[in-house]
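Novice: Sharing a structure, written as structure tokens. Questions coming.
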Amino acid sequence: MGGQIVDRRALPAGYRIEPLVSNHDRAAFCCGNPELDAYIRQQAGQDQKRKLAAVFILIADSGAVAGFHTLSAHSILAVNLPAEMAKKLPRYLIPVTLLGRMAVSQALQGLGLGELLLMDALERAWMASRHAASWAVVVNTKAGAREFYLKHGFVPFPDQPGRLGLQMKTIELMSQA
């Protein structure tokens, strides 16, 4: 893929991923999770404006929001990592990228758009890590989402089974495939 995790040509015709802007119509978005629906409709714009999260929208040419993901700077303690990941790391805060929220419209679930959003998030995190240190992408999974991330190589944290991580060195290898 020429150094990219996401081949933009792999997006279905009529869709694109772009940063959230105020004219995106998010009012009708429904993924089936009331917390995520409320977030994209009411909070995402404020979080982006305040630099608390970078919000990326999967949008149809019709203007309908088909999905989204958020990325933020974060840090974790090395002692909370799986032992094999924590080897040779200092015992202080480790910079990571948080994949805070991700959702696909209920009407479009099962079409592989979640995987496209994840690959876009990983590519953006990896590209950013070349300029601002980030050791991994971390996600705190919602009910039913854990298996999705495990399938894509994320590793669970020992004391927090809902928290998973994927090291940047792994993401870099994915980008070279």
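The values are calculated or read from the model by the stated rules, or taken from the named source; none is laboratory data. None of the values given here were measured: they were computed from a predicted structure. So basically every Cβ, Gly included, is an ideal-geometry build from the backbone, and we count neighbours across all protein chains shown.
Novice: Show the residue pairs that are 6+ apart or on different chains and have beta-carbon atoms under 6 Å apart, the first residue being within region 91-115 and within 23 Å of A54 (Cβ to Cβ) and surrounded by fewer than 19 Cβ atoms within 10 Å (Cβ to Cβ), the second being modelled with pLDDT of 90 or more and among the hydroxyl-bearing types (S, T, Y).
Specialist: Correct list of pairs: L93/S75; P95/S75; P95/S134.
Novice: Return the pair list, or none, for Cβ contacts closer than 6 Å from residues in region 35-51 that are more than 18 Å from E18 (Cβ to Cβ) to residues that are surrounded by fewer than 18 Cβ atoms within 10 Å (Cβ to Cβ) and at pLDDT 95 or above, at least 6 apart or on different chains.
Specialist: Within 6 Å, the pairs are D37/C30.
Novice: Hey, could you check region 129-148 for residues that are of a type in the set (G, A, S) and under 13 Å from the mean Cα position of the chain (by Cα) and say which is surrounded by the fewest Cβ atoms within 10 Å (Cβ to Cβ)? Working first, answer last.
Specialist: Narrowing region 129-148 to residues of a type in the set (G, A, S): 129, 132-134, 136, 143-145.
Now restrict to residues that are under 13 Å from the mean Cα position of the chain (by Cα): 136, 145.
On the way: A136: 25, A145: 17.
For region 129-148, the residue satisfying everything is A145.
Novice: What is the residue count in region 43-72 for residues that are surrounded by fewer than 21 Cβ atoms within 10 Å (Cβ to Cβ), of a type in the set (S, T, N, Q) and at pLDDT 95 or above?
Specialist: 4
Novice: Taking region 40-56 only, how many residues are among the polar types (S, T, N, Q) and over 14 Å from R26 (Cα atoms)? I'd like the intermediate steps shown before the answer.
Specialist: Here is the first cut: in region 40-56, the ones among the polar types (S, T, N, Q) are 42-43, 46, 48.
Keeping just the survivors that are over 14 Å from R26 (Cα atoms) gives 48.
Going through region 40-56 one residue at a time, the tally reaches 1.
Novice: So, one more: Which residues, counting only those in region 1-37, are assigned to a loop (DSSP other than H, G, I, E, B), under 17 Å from the mean Cα position of the chain (by Cα) and at pLDDT 90 or above? Write out each step before concluding.
Specialist: Going through region 1-37, the residues assigned to a loop (DSSP other than H, G, I, E, B) turn out to be 1-7, 11-14, 20-24, 26-33.
Keeping just the survivors that are under 17 Å from the mean Cα position of the chain (by Cα) gives 4-7, 11, 20, 31, 33.
Passing the criteria: L20, C31, N33.
Novice: Could I ask something else about it? For region 55-88, how many residues meet the condition of being outside any strand (DSSP E or B), touching a residue at least 40 places away in the same chain (Cβ under 8 Å) and not charged (D, E, K, R)?
Specialist: Selection size over region 55-88: 6.
Novice: What is the residue count in region 13-29 for residues that are in contact (Cβ under 8 Å) with a residue 24 or more places away in the chain and surrounded by fewer than 16 Cβ atoms within 10 Å (Cβ to Cβ)?
Specialist: Keep residues of region 13-29 that are in contact (Cβ under 8 Å) with a residue 24 or more places away in the chain, which gives 14-20, 24-26, 28-29.
Pick out the ones that are also surrounded by fewer than 16 Cβ atoms within 10 Å (Cβ to Cβ) and you get 14, 16, 18-19, 25, 28.
Qualifying residue count for the region: 6.
Novice: With the checklist (1) surrounded by fewer than 22 Cβ atoms within 10 Å (Cβ to Cβ); (2) part of a helix (DSSP H, G or I); (3) modelled with pLDDT of 95 or more in hand, flag the one item L118 doesn't pass.
Specialist: (1)
Novice: Another question about this same structure. Give me the residue from region 153-177 that is among the small types (G, A, S) and out of contact with any Ser or Thr (no Cβ under 8 Å at 6 or more places or on another chain) and, out of that set, farthest from H131 (Cα to Cα). Write out each step before concluding.
Specialist: Of region 153-177, the ones among the small types (G, A, S) are 153, 162, 165, 175, 177.
Within this subset, residues satisfying the condition of being out of contact with any Ser or Thr (no Cβ under 8 Å at 6 or more places or on another chain) are 165, 175, 177.
On the way: G165: 20, S175: 17, A177: 22 Å.
Restricting to residues being among the small types (G, A, S) and out of contact with any Ser or Thr (no Cβ under 8 Å at 6 or more places or on another chain), the top hit is A177.
Novice: While we're looking at this one, here's another question. From the residues in region 74-90 that are among the small types (G, A, S) and within 12 Å of A136 (Cβ to Cβ), which one is surrounded by the fewest Cβ atoms within 10 Å (Cβ to Cβ)? Spell out how you get there, then give the answer.
Specialist: Initially, region 74-90 is screened for residues among the small types (G, A, S), giving 75, 78, 83, 86.
Filter once more, keeping what is within 12 Å of A136 (Cβ to Cβ): 75, 78, 86.
Numbers: S75: 13, A78: 16, A86: 16.
Step by step, filter region 74-90, then rank; the result is S75.
Novice: Moving to a separate point now. Evaluate region 149-156: report whether one residue or more is assigned to a helix (DSSP H, G or I) and either surrounded by 15 or more Cβ atoms within 10 Å (Cβ to Cβ) or among the hydroxyl-bearing types (S, T, Y) (or both).
Specialist: yes
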